[in-house]
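A.B. asks: This structure is in structure tokens; I'll ask about it shortly.
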Amino acid sequence: MGLFLLIGVVLAYIIRITTVQYNLEITQRLNGSIAMYVAAEEQLIENGQHNEAAIKRLAERAMVINPTVEVYLLDAAGRILSHNIPDEAVLQRTIPLDGIQAFMQADAKRPLLSLDPRSPDNHKAFSAAEVRHNGELEGYVYAILGGQAYEQLAKDISQNYILQVALASIVALLLMGFILAWLMVKVLTQPLKKLTHAVVQFQQSETTESGLAAGDEIAVLEQAFSDMKARINQQMNQIKAADQNRRDLISNVSHDLRTPLASVQGYLDTLVIKGDALSDAEKTQFMATASKHCQRLNQLVGDLFELSKLDSLAIKPKMEPFSMAELMQDVSMAFQHQCSERQITMKVSVPDRPCEVVADIGLMQRVLENLIGNAVKHTEAGGQVSLKLHAKDHAFQVEVADTGCGISEAELPHIFERLYRAENSATSMSNSSGLGLAIVKKIIELHNSSIQVVSQLGRGSAFTFEVPRLA
Ligand SMILES: Nc1ncnc2c1ncn2[C@@H]1O[C@H](COP(=O)(O)OP(=O)(O)O)[C@@H](O)[C@H]1O
Ligand SMILES: [Mg+2]
């Protein structure tokens, strides 16, 4: 807007100046020879004496040619000797000669301005000619041209028709230009605004935090794009990592599946080919082994399925209040038989008062089964498996501990990884999938909690996690 105003003012100023200059130049070019004509007409000065009557006559004639002409007769030094206007109107009695001499030169630039004796502050277009008598310079004829016209132009631009039209058209043009520019900016920024809005909304739907700085649309857009770029990069890396995990898992799983499958096939083939040659006892043993491998296959496939369900968020924990103490009792009961068979003592210690927690009871049962199963599996005869429940401020802490073989420090960070089996499990490979602890960890994370483990080789292990208590 400011720029438009500035252009308008500058244009108006230029037009004003050039119009005045143009007027002056036209006046001077048209009437430049007036003084010469006057000087040539009659002998105005003779031996220093000026001819007053002749001057009056000539001035009148000059005014016929141009009514605004004011004629002065000067001596050789520029002093005014005579004129055709009222005497009291003449305020300046001497005219500087340099302007007059410049005017005499044919190649002088027009318009040339010089002093007006009636208003010494104003310089006006003029005409001049030498007055010679017998070749001697006697003085000059000096004529101010179109004095009034100049005054009018300079003082009152608004009365000049051309100037008015020009100014009006400039204002109109500027107005149109401004409206056009405003419309264009509007048309251009509207889609940009929409886009910015959409991007910001998209970004906020992705994440709750909105770190957008206030500012113009382009800055906001830029910020949004760089934020999204960072997030997309981060997600890309996550996807890559997840993809690598999946590849590893598939290759490990196929290996894990192939081993029991090959065994089953081997036993069945043997039975088919050498069926008659085998004793009944051998047959039964082969069949039992094959069945065991099938069980393991079943377990592996079941665990995989469960883990993938947990991963895909197909399972949403159904939070409900229940007594953790009762659940621990129930699950431990299921292991009683196995424990007495292997001469392991199972101890459950829970507070006397009801221990109400809020969690998914089915999933919590899976956690306990997996942890107790591991503990029993890795404990020698004569050992002990203990379940404890501690009341805390806002939660109950569950601990599953054993006096078994323990886990080496190097392996401890890996036991929650999928398909990871520590050295100690080599002996009991039969029902080991390496998925149990991964499932446990996943379920506990779904309850916004975490699981910890402390273990020492040869002394035993303890797994602890917390479950929020009923408020
Ligand atoms: N209580 C424990 N005592 C000793 N080692 C354990 C115990 N629990 C888990 N581990 C080790 O962690 C590994 C991973 O456990 P898990 O994921 O349940 O797989 P799996 O039980 O099928 O082998 C096991 O192979 C075992 O080596
Ligand atoms: Mg296990």
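A.B. asks: Just need the relative contact order of region 2-159 here, percent rounded to a whole number, with Cα pairs under 8 Å and 6+ apart. Please report the intermediate quantities before stating the final value.
C.D. replies: Values: 246 pairs, mean separation 45.3, N = 158.
Value for region 2-159: 29 percent.
A.B. asks: Using the Cβ atoms and a cut-off under 13 Å, what net charge is assigned to the surroundings of residue 139, where Lys and Arg are +1 and Asp and Glu are -1?
C.D. replies: Values: positive: 79, 132; negative: 46, 75, 130, 136, 138.
Taking every Cβ under 13 Å from that of residue 139, the sum is -3.
A.B. asks: Same structure, new question: Gain in length, residue 341 to residue 231, computed as 0.36 nm per residue apart minus the alpha-carbon separation, to one decimal in nm? Working shown, then result.
C.D. replies: Values: separation 110, 0.36 × 110 = 39.60 nm, distance 5.52 nm.
Full extension from residue 341 to residue 231 adds 34.1 nm.
A.B. asks: Expressed in nm to one decimal, what extension gain is obtained for the pair residue 19 and residue 102 from 0.36 nm per residue of sequence separation less their Cα-Cα distance?
C.D. replies: Numbers: separation 83, 0.36 × 83 = 29.88 nm, distance 2.34 nm.
So the chain would gain 27.5 nm between residue 19 and residue 102.
A.B. asks: Turning to a different aspect of this structure: Restricting to Cα atoms and excluding each atom paired with itself, what does the Kirkwood estimate give for the chain in Å? All intermediate terms of the calculation are to be shown ahead of the outcome.
C.D. replies: Details: mean 1/r = 0.0295 Å⁻¹.
Kirkwood hydrodynamic radius for the chain: 33.9 Å.
A.B. asks: OK, next. Putting +1 on Lys and Arg Cβ atoms and -1 on Asp and Glu Cβ atoms, find which of 339, 358, 438 reaches farthest to the positive end of the dipole of region 320-468.
C.D. replies: Working it through, the farthest residue towards the positive pole turns out to be 339.
A.B. asks: Still on this structure, I have one more. Residue by residue, what Karplus-based ³J(HN,Hα) values in Hz, rounded to whole numbers, does region 102-117 have, using 6.51, -1.76 and 1.60 with θ = phi - 60° and x for Gly and Pro?
C.D. replies: Taking θ as phi minus 60°, the curve returns 4, 4, 5, 5, 5, 9, 5, 6, 9, x, 9, 10, 8, 5, 9, x Hz for region 102-117.
A.B. asks: Now a separate question. Counting alpha carbon pairs within less than 8 Å and at least 6 residues apart, what relative contact order, in whole percent, applies to the chain? Present the calculation step by step, with values, prior to reporting the outcome.
C.D. replies: Values: 643 pairs, mean separation 47.6, N = 471.
About 10 percent, as a whole number.
A.B. asks: Calculate, for residue 239 and residue 449, the FRET efficiency according to 1/(1 + (r/R0)^6) with r their C-beta to C-beta distance and R0 22 Å; round to the nearest 0.05. If you can, show how the numbers build up before the last one.
C.D. replies: Working: r = 27 Å, r/R0 = 1.21.
That pair, residue 239 with residue 449, gives E of 0.25.
A.B. asks: Out of residues 5 or more away from residue 457 or on other chains, whose amide H comes under 5 Å of its own, with H placed 1.01 Å from N in the peptide plane?
C.D. replies: 407
A.B. asks: Now for a different question. Step through the residues of region 181-187 one at a time and calculate ³J(HN,Hα) from phi using the Karplus curve (6.51 cos²θ - 1.76 cosθ + 1.60, θ = phi - 60°), rounding each to whole Hz and writing x for Gly and Pro.
C.D. replies: Once θ is set to phi - 60°, the couplings for region 181-187 become 4, 4, 4, 5, 4, 4, 4 Hz.
A.B. asks: Which cross-chain or sequence-distant (5 or more) residues have an amide H under 5 Å from the amide H of residue 46, H modelled 1.01 Å from N in plane?
C.D. replies: Hits under the 5 Å cutoff: 51.
A.B. asks: What dipole magnitude, in Debye to the nearest 20, does the chain give about its Cα centre under +1 on Lys/Arg Cβ and -1 on Asp/Glu Cβ? Please report the intermediate quantities before stating the final value.
C.D. replies: Numbers: 42 positive and 53 negative charges, 273 e Å.
The calculation lands at about 1320 debye.
A.B. asks: Once you list every other residue whose beta carbon is under 14 Å from the beta carbon of residue 424, what net charge do they have if Lys and Arg are +1 and Asp and Glu are -1?
C.D. replies: Values: positive: 377, 421, 459; negative: 380, 402, 409, 411, 423.
In short, -2.
A.B. asks: On full extension of the chain, what length is gained from residue 219 through residue 188, given 0.36 nm per residue of separation minus the C-alpha to C-alpha distance?
C.D. replies: On the way: separation 31, 0.36 × 31 = 11.16 nm, distance 1.58 nm.
That pair, residue 219 and residue 188, stretches by 9.6 nm at full extension.
A.B. asks: Considering the options 58, 115, 43, tell which one lies farthest towards the positive end of the dipole of region 38-139, charges being +1 on Lys and Arg and -1 on Asp and Glu at the Cβ, about the Cα centre.
C.D. replies: Farthest towards the positive end: 115.
A.B. asks: First obtain the Kirkwood hydrodynamic radius of region 217-311 from its Cα pairs, then insert it into the Stokes-Einstein equation at 25 °C and 0.890 mPa s, and state the resulting D in µm² per second as a whole number.
C.D. replies: Values: Rh = 17.5 Å.
In µm²/s, the coefficient is 140.
A.B. asks: Find how many whole Å separate the alpha carbon centroid of region 239-266 from the alpha carbon centroid of region 403-471.
C.D. replies: 21
A.B. asks: To continue, here is another question. List the residues, sorted by chain then number, that are 5 or more residues from residue 139 or on another chain and whose placed amide H is less than 5 Å from its amide H.
C.D. replies: HN-HN under 5 Å from residue 139: 131.
A.B. asks: Provide the FRET efficiency to the nearest 0.05 for the residue 166-residue 60 pair, computing r from the beta carbons and using R0 = 41 Å. Don't skip to the answer; put the middle values down first.
C.D. replies: Details: r = 37 Å, r/R0 = 0.91.
The pair residue 166/residue 60 has a calculated efficiency of 0.65.
A.B. asks: Also, I was wondering about something else. Only sites in a loop by DSSP and with at most 16 other Cβ atoms within 10 Å count here; which trypsin sites (Lys or Arg not before Pro) in region 23-124 make the cut?
C.D. replies: Working: sites: 29, 56, 57, 61, 79, 93, 109, 118, 124; in loops: 93, 109, 118.
When the trypsin sites (Lys or Arg not before Pro) of region 23-124 are filtered for loop state and at most 16 Cβ neighbours within 10 Å, 93, 109 remain.
A.B. asks: So, counting K/R as plus one and D/E as minus one, what does the shell of residues with Cβ under 13 Å around residue 47 add up to? Intermediate results must be reported in sequence, preceding the final value.
C.D. replies: Values: positive: 132; negative: 46, 75, 136, 138.
Net charge around residue 47: -3.
A.B. asks: Return the sequence-ordered ³J(HN,Hα) values of region 230-240 in whole Hz as given by the Karplus equation 6.51 cos²θ - 1.76 cosθ + 1.60 applied to θ = phi - 60°, using x for Gly and Pro.
C.D. replies: With the stated coefficients, region 230-240 comes to 4, 5, 5, 4, 4, 5, 4, 5, 4, 4, 4 Hz.
A.B. asks: Another one. Given points 7 Å out from each Cα along the Cα-Cβ axis, report the residue 365 to residue 179 separation in nanometres with one decimal.
C.D. replies: Between residue 365 and residue 179, the simple spin-label model gives 8.0 nm.
Readers should treat all values here as calculations from the given coordinates under stated rules, not as data from a laboratory. Everything numeric in this text was worked out from a predicted model, so none of it was measured. Please note: Cβ atoms are built from the backbone with ideal geometry, for glycine as well, and neighbour counts cover all protein chains shown.
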